[in-house]
Amino acid sequence: MMETGWNLENSYATLPETFFTKQLPTPVSSPELRVFNHSLAASLGLKEDRAAVFAGNEIPKGADPLAQAYGGHQFGHFNMLGDGRAILLGEQVTPTDERVDIQLKGPGRTPYSRGGDGRAGLGPMLREYIISEGMYGLGIPTTRSLAVVTTGEPIYRQTKQEGAILTRVAASHLRVGTFQYASKFASVEELRALADYAIERHYPEGKSASNPYVFLLKEVIKRQAALIAKWQLVGFIHGVMNTDNMTISGETIDYGPCAFMDTYHPATVFSSIDTQGRYAYGNQPPIAGWNLARFAESLLPLLHDNQEESLKLAQDTIAEFPKLYYSHWLKGMRKKLGIFNEEEKDKALIEDLHNIMEKHRADFTNTFRGLTLDKEDHSPLCKATEFTQWKVRWQERLSRQTESKDSSYQLMRESNPAIIPRNHRVEEALSAAEQGDYSVMERLLEVLSNPYEYSDEQAKYATLPEPSDRPYRTFCGT
Ligand code: AMP
Ligand code: MG
């Protein structure tokens, strides 16, 4: 028999039954492997690349498939949700002893499907593949994409689409919404079992902490503060920061209507359903704080035996989030500008740059790329006197540190991507793939795998779309 490398365990299934339902994928008629992540497979110890497995037609050895229960605030309103179109096959224990979830997205109906068909379309699954792998290349914690198979069965949304299944790899699929579900629908003992599981899996140092649940809350807040700062620093807009789309592990999850900002503006929104701009670029940090407050609320019964004490602990801990976020962001912005040490006036220098970018409708990525390469282009920004004056101030700032200019530019190269998954490039790759040509996508994935390389080929990917391509709109694709 061929050695496939599966080494699956099912620790999630040891949780109380309220947290999941055992569920097999629904077989599909003619699965075909379209994209496969060989380097990820190798790091997982997998030699498996059969379409039947990634389509859910064949269950790998050791898998005990299940759908997870969770809830979540969607655009501020709480709903019971759960894996309506996802099935966890199990947890792969890798050759380096890491434990990661292997989940099929789009494998058919589950008890949490509500009115949905449990299926996914090829376009949105390829999009998740490109953007999640792009985020990984950028060094941003994220779920990964292992494979996309087409099912041979159409799905019906606004239009008829080709059905597909994405295999997602994640540190876990525990979400803020999993804890909300526990706090609303389960007993305190079940909630405790979930929290203990999260600590064991993601924050094992917490087991010996004086208060493991306060420790858990603090650590999730820390990881999310670092994560959201990373998003802001590359202009990533998640698009649907509902509490079910925020992980306990600190990984970015659920690539639906997300997109990278081109023209800098804090109010930038791409998602067609986000009509109020709740999840606009500039709102992501406060929304993350709001989501984490929902997490803290869910943990209240565990934080302390006394209700008032519990509330105070939650409030004091959650109050740290904006400060933590801002310090990560400021540190990151200093790096993007080649600044090694700290001066109080840096905040004003950074803020002024943002205001100038906004005023002149500058491209976010290319502004930092231009500074890194010390190159000017024909953009309105580069022609603006205030930008020239700002650059003089910035150069003076660089002169006031002991590090050489060369090391500043080196730091900038490491901190400012030469390429991001630009919307028109992603669309171009998806259209070609939908016509059966995957080479455009493969090429894009290749350049996105090392965005700090500053290669000649990447320069081609830095060009902006024709103005007529705007405004860009994204759709959930559910
Ligand atoms: P998402 O927008 O992907 O975060 O999904 C929100 C909720 O809707 C989750 O509970 C999903 O499982 C569910 N959902 C999304 N698409 C489908 C579908 N096609 N069939 C069943 N459930 C779905
Ligand atoms: Mg979701």
Report the one residue of Thr96, Ser327, Thr26 whose Cα lies farthest in the direction of the positive end of the charge dipole of the chain (charges on C-beta: Lys and Arg +1, Asp and Glu -1; origin at the Cα centre). Ser327
In degrees, nearest 10, the alpha-carbon axis of helix 212-234 is tilted away from the dominant principal axis of the alpha carbons of the chain by 50 degrees
When a/c is below 1.5 the answer is rounded, else prolate if a/b is larger than b/c, else oblate, so apply that to region 379-426 with a ≥ b ≥ c taken from the square roots of the Cα gyration tensor eigenvalues. oblate
What share of all Cα pairs of the chain, in percent, falls into each consecutive 20 Å distance bin? 23, 55, 21, 0
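Quote the FRET efficiency, to the nearest 0.05, computed for Ser455 versus Ser187 with a Förster distance R0 of 41 Å and r equal to the Cβ-Cβ distance.
Values: r = 56 Å, r/R0 = 1.37.
Result of the calculation: an efficiency of 0.15.
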Among the listed pairs Lys312/Lys336; Lys61/Lys230; Lys160/Lys184; Lys184/Lys218, give every one whose C-alpha distance is greater than 29 Å. Lys312/Lys336; Lys61/Lys230; Lys160/Lys184
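Let me have the 222 nm mean residue ellipticity of the chain computed from DSSP H runs of 4+ only, each contributing -39500 (n - 2.57), with the sum over all residues rounded to the nearest 500. Numbers along the way, then the final one.
On the way: 17 runs with 205 residues, N = 478.
The helix contribution divided over the chain gives -13500 deg cm²/dmol.
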Given charges at beta-carbon only (K, R positive; D, E negative), |dipole| of region 330-415 in Debye: 80 debye
If we sort 272-278, 27-33, 88-94 on the protection proxy, mean other Cβ atoms within 10 Å, highest first, what's the order? 88-94, 27-33, 272-278
Unit charges at the beta carbon, dipole of the chain: most positive-side option, Ser408, Tyr129, Ser455: Ser408
Selected from Gln232, Asn306, Val214, residue furthest toward positive end of dipole (the chain; charges at beta carbon): Gln232
Rounded to the nearest 20 debye, dipole of the chain from Cβ charges on Lys, Arg, Asp, Glu: 780 debye
Quick one: how many Å² of Glu162 are accessible to a 1.4 Å probe, rounded to 10? 80 Å²
What does the charge dipole of region 159-280 about its Cα centre add up to, to the nearest 20 debye, if the Cβ of each Lys and Arg holds +1 and the Cβ of each Asp and Glu holds -1? 140 debye
Please work out the Cα center distance from region 67-86 to region 138-206, rounded to the nearest Å. 11 Å
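Relative contact order, percent, of the chain when contacts are C-alpha pairs under 8 Å separated by at least 6 residues? Could you put the intermediate results ahead of the total?
Details: 896 pairs, mean separation 67.5, N = 478.
For the chain, the relative contact order is 14 percent.
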Considering just Cα atoms, how many Å³ per residue does the convex hull of region 8-172 enclose? 124 Å³
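The values are calculated or read from the model by the stated rules, or taken from the named source; none is laboratory data. Keep in mind the model is a prediction, meaning the values are calculated, not measured. Neighbour counts run over all protein chains shown; Cβ positions are idealised from the backbone, glycine included. The protein model used for the area step is the full one, side chains on, heavy atoms only, and it has no ligands, DNA or RNA in it. Shrake-Rupley method; radii C 1.70, N 1.55, O 1.52, S 1.80 Å.
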